[in-house]
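See below for the structure under consideration.
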Amino acid sequence: MQSLSGKKVAILAADGFEQSELIEPKKALDRAGAKTVIVSPNPQKIRGWKDKNWGEECQVDEPLERARPDEFDALLLPGGVMNPDTLRQDRRAVQFAKYFFRAGKPVAAICHGAVTLIDAEVVAGRLMTSYPAIQKDLKNAGAKWVDEEVVVDHGFVTSRKPADLPRFIEKMIEEFAEGIHEPPPVRPEAREALVGL
């Protein structure tokens with residue numbers, strides 16, 4: 001496993017995050033030597049979703065209102081249906097996520113986690129995957145969506161579901177270790193998506 005010693009990783013989440021998609025990547029990042037920080041609009045705790053019920057609570061390390069994205073080296077966006085739906089409606093959360101793309105810093109999003117990135121207007125022209133139910137939303141936002149276990153596009157790592165976690169974690173650590181990436185070339189679908197904005 002590659003070392004992430006000295007790297008500080010933001011995990012942006014709200015209530016209803018898919019429990020395994022936060023806990024397992026966080027453990028892997030911690031084992032690799034990263035300092036992980038759970039950032040949330042909730043000031044103290046967030047509760048996960050496991051199977052068809054509420055799961056465990058996680059302590060919020062840094063309230064979103066105080067978090068500065070420039071202090072982090074990478075961003076992790078776990079899924080769950082409620083979690084990203086809450087984040088996309090929070091202007092601070094959207095701007096926080098958008099910063100990483102503008103700065104060329106690596107981002108990893110799994111399952112429904114990419115929903116927040118639609119509102120951040122950063123998926124146009126990006127090759128990515130997600131939970132199949134949101135593929136049309138991503139395509140409408142200009143993404144090039146594919147049905148694959150894990151997709152990497154210039155430091156942007158995406159996967160579809162909890163079953164993809166082993167490969168997702170492997171690629172996430174690899175991209176986070178590499179650090180800042182050059183921006184991707186502007187693809188035709190990105191130009192089309194930007195027309196009229």
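No value in this document is a laboratory result; all are computed from the given coordinates. Because the structure is a prediction, the values reported are computed rather than measured. Virtual Cβ from ideal backbone geometry, glycine too; neighbours counted across all protein chains shown.
Key figures
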| item | result |
| --- | --- |
| Between the stretch 60-102 and the stretch 124-174, the Cα center-to-center distance that results, in Å | 18 Å |
| The chain: most fluctuating residue of T36, T158, T129 per GNM, C-alpha cutoff 10 Å | T36 |
| Relative intensity, log₁₀ I(q)/I(0), of the stretch 8-194 from a Debye sum that treats every alpha carbon as a point, q = 0.11 Å⁻¹ | -0.40 |
| Chain lengthening between D85 and R66 when straightened (0.36 nm per residue, less Cα-Cα) | 4.7 nm |
| Rough spin-label spacing in nm, given labels placed 7 Å along Cα→Cβ, for Q95 and W54 | 3.1 nm |
| Net charge contributed by nearby residues that have their C-beta within less than 11 Å of G6 (K/R +1, D/E -1) | +2 |
| Over 21 Å between alpha carbons, listed pairs K105/K171; K35/K161; K52/K161; K136/K171; K27/K161; K8/K105 | K35/K161; K136/K171 |
| Chain lengthening between Q44 and Q2 when straightened (0.36 nm per residue, less Cα-Cα) | 12.0 nm |
